[in-house]
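J.: This is the structure I want to talk about, given as structure tokens.
The values are calculated or read from the model by the stated rules, or taken from the named source; none is laboratory data. Small disclaimer: the values here were computed from a predicted structure and weren't measured. Quick reminder, even Gly has a Cβ in these numbers, built from the backbone with ideal geometry, and neighbours come from all protein chains shown. Keep in mind that these areas ignore ligands, DNA and RNA; they rest on the heavy atoms of the full protein, side chains included. Shrake-Rupley method; radii C 1.70, N 1.55, O 1.52, S 1.80 Å.
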Amino acid sequence: MNPSQVSTRTDPAEDTTQRLHAESLRQALAQEGIAADVHDGYGLALVSVWVRLVVWCDGYRFWWRTGWDPERKRAVYAWHPAIEPGRAARRVAFRYADLRANHPLSPTISDMASATSASPAGNLP
């Protein structure tokens, strides 16, 4: 069998479960005042929260990167059971606050946004 013809998707019902858990996390994050997007497929659902903050869900647990271990030269991850989206959202919110404080969006992006909103017509002829 040709490897390109082998499906890498899991059971569609499992994808639905992963998506539902991810969506429940997204809703819990919204209650914390944090906007996020959900994407799914290939046996995982992703909740995109902020730059350098993506939460994965396999239907059983959420996990996200929390830092870097320079001694072992690898990422450090936190995880939380998927059946507790509210508590997981609270933990993700702490990581989100840390990232926002230490890695804000580039000033040039906000400068561009304020410049375009200040004069929508600009100096058009």
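J.: Take Ser48 and tell me if it is of a type in the set (Gly, Ala, Ser) and modelled with pLDDT under 95.
T.: no
J.: Hey, another quick one. If I ask for residues that are part of a strand (DSSP E or B), touching a residue at least 12 places away in the same chain (Cβ under 8 Å) and open to solvent by 60 Å² or more (accessible area, probe 1.4 Å), which ones from segment 60-106 would you list?
T.: Within segment 60-106, Arg61, Trp63, Arg65, Tyr77, Trp79 qualify.
J.: Can you pull out every residue in segment 42-59 that is more than 19 Å from Ala28 (Cβ to Cβ) and open to solvent by less than 60 Å² (accessible area, probe 1.4 Å)?
T.: Gly43
J.: I've got another one for you. Looking at (1) at pLDDT 95 or above; (2) small (Gly, Ala, Ser); (3) open to solvent by 60 Å² or more (accessible area, probe 1.4 Å), which is the one condition that is false for Ser7?
T.: (1)
J.: Another one. Look through segment 59-90, keep the residues that are touching a strand residue (DSSP E or B) at 6+ places or on another chain (Cβ under 6 Å) and of a type in the set (D, E, K, R), and return whichever of them is nearest to Ala35 (Cα to Cα).
T.: Filtering first and then ranking leaves Arg65.
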